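Working notes, structure below.
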Amino acid sequence: MMNILSIEVSLEALENKCKVHDWYYNYSDDHRKWSRGFDRYREINAILDGLGHSREAIEVHNKYAPERFKRPLDSKYY
């Protein structure tokens, strides 16, 4: 299990994580791959939270996310 508190919070860290993330981990039949993908997506979300879901952070996320995983730039939820 990862430690969310030890995650580097920067746009560069977000970009690095999004670049290598397996966006389709949820479809894996291998539980280890699913767990790894789930943990990595939690890290991405923790960085987004740490950056306050800024427009720049969402743009970095959306640059690498497949269409179905893109986030709206303006939302009342973040």
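The values are calculated or read from the model by the stated rules, or taken from the named source; none is laboratory data. Note that the structure is a prediction, hence the values are computed from the model and not measured. For neighbour counting, all protein chains shown are included, and Cβ atoms are generated from backbone atoms with ideal geometry for every residue, glycine included.
Go through segment 23-42 and give me each residue that's polar (S, T, N, Q) and either within 20 Å of Val9 (Cβ to Cβ) or surrounded by fewer than 13 Cβ atoms within 10 Å (Cβ to Cβ) (or both).
Hit for segment 23-42 is Asn26, nothing else.
Go through segment 11-59 and give me each residue that's under 23 Å from Lys76 (Cα atoms), modelled with pLDDT of 95 or more and among the hydroxyl-bearing types (Ser, Thr, Tyr).
Once the filter is applied, which keeps residues that are under 23 Å from Lys76 (Cα atoms), modelled with pLDDT of 95 or more and among the hydroxyl-bearing types (Ser, Thr, Tyr), segment 11-59 yields only Tyr41.
Does Arg55 meet the test of being more than 14 Å from the chain's Cα centre (by Cα), of a type outside the set (Asp, Glu) and closer than 23 Å to Glu8 by Cα?
Numbers: more than 14 Å from the chain's Cα centre (by Cα): yes; of a type outside the set (Asp, Glu): yes; closer than 23 Å to Glu8 by Cα: yes.
Judged against the criteria, Arg55 is a match.
Name the single residue, out of those in segment 43-58 being among the charged types (D, E, K, R) and surrounded by fewer than 14 Cβ atoms within 10 Å (Cβ to Cβ), that is nearest to Val20 (Cα to Cα).
Of all residues in segment 43-58, those among the charged types (D, E, K, R) come to 43, 49, 55-56.
Within this subset, residues satisfying the condition of being surrounded by fewer than 14 Cβ atoms within 10 Å (Cβ to Cβ) are 55-56.
Working: Arg55: 21, Glu56: 19 Å.
Within segment 43-58, the match that is nearest to Val20 (Cα to Cα) is Glu56.
Taking Lys63 as the residue in question, decide whether it is of a type in the set (Lys, Arg), at pLDDT 95 or above, out of contact with any Phe, Trp or Tyr (no Cβ under 6 Å at 6 or more places or on another chain) and surrounded by 14 or more Cβ atoms within 10 Å (Cβ to Cβ).
Numbers: of a type in the set (Lys, Arg): yes; at pLDDT 95 or above: yes; out of contact with any Phe, Trp or Tyr (no Cβ under 6 Å at 6 or more places or on another chain): yes; surrounded by 14 or more Cβ atoms within 10 Å (Cβ to Cβ): no.
So Lys63 fails the test.
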